[in-house]
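Reviewing the structure listed below.
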Amino acid sequence: MKREARLLERCPTGHEGTKLIDIPTTILDAFGAIIAWYLPDALTDATQKEIWAATDLLAPMLEKSVKADGIWRTNQEWFTPCSENDVLTPGCLNLSLAWFQQGHKNQSDPEVSASLKGPSSKDILKAIARPAAIATVALRVMHPQ
């Protein structure tokens, strides 16, 4: 509640007051650029379960990714510690089928990212294929250029 109160203090409601939105909606900034899309029920319950299952497969790698002396993407100071009530494991992974090996001898030869070289990589790729396709389509619609 404190966080919401601080947000309302920084961004008070407009002259129309608070509105509850229950239909597909885009929210625009002062210049007319879309800053948020609200698409209720765009993901079916089955698709949401599929995404959670894929996330569960990534949990061991996400947990290992956070380090006390990590680079800015993986430094533990940027992640809230896990508690037994947490649903998601905090962390940061690079999942790429064609990662350019900067600083290596053959920079022009793409390589699979280290996160996808483990024993569960095929299961992870199968699990994220459909959710990734849905995200790709959504981003293509939202950002056509």
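The values are calculated or read from the model by the stated rules, or taken from the named source; none is laboratory data. If you're wondering where the values come from, they're calculated on a predicted model, not measured in any experiment. All Cβ positions, glycine included, derive from the backbone under ideal geometry; neighbour counts span all protein chains shown. Ligands, DNA and RNA are excluded from the accessible area calculation, which covers all protein heavy atoms including side chains. Shrake-Rupley method; radii C 1.70, N 1.55, O 1.52, S 1.80 Å.
Numbers at a glance
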quantity	calculated
For peptides 138-145, 57-64, 71-78, sequence by mean Cβ density within 10 Å, most packed first	57-64, 71-78, 138-145
Degrees, to the nearest 10: 121-142 long Cα axis against longest axis of the chain	40 degrees
Angle between the chain longest axis and helix 45-65 axis [Cα atoms, degrees, rounded to 10]	50 degrees
Accessible area per residue in Å² at 1.4 Å probe, computed on the chain	84 Å²
Estimated distance in nm for a label pair at Thr13 and Thr136, the labels positioned 7 Å out from Cα along Cα-to-Cβ	4.2 nm
The range 1-95, relative contact order [Cα under 8 Å, separation at least 6], %	17 percent
Rg to Rh quotient for the chain, alpha carbon positions, Kirkwood Rh	1.03
Candidate aspartates and glutamates for bridging to Lys19, where Cα separation is under 20 Å - those fewer than 8 sequence places away on the same chain excluded	Glu4, Glu9, Asp29, Asp41
Full-extension gain in nm, Ile21 to Lys117, via 0.36 nm per residue minus C-alpha separation	30.2 nm
Protein accessible area in the chain, 1.4 Å probe - carbon and sulfur %	58 percent
Cut-off under 5 Å, modelled amide H: who pairs with Glu111 long-range	Trp99, Phe100, Gln101
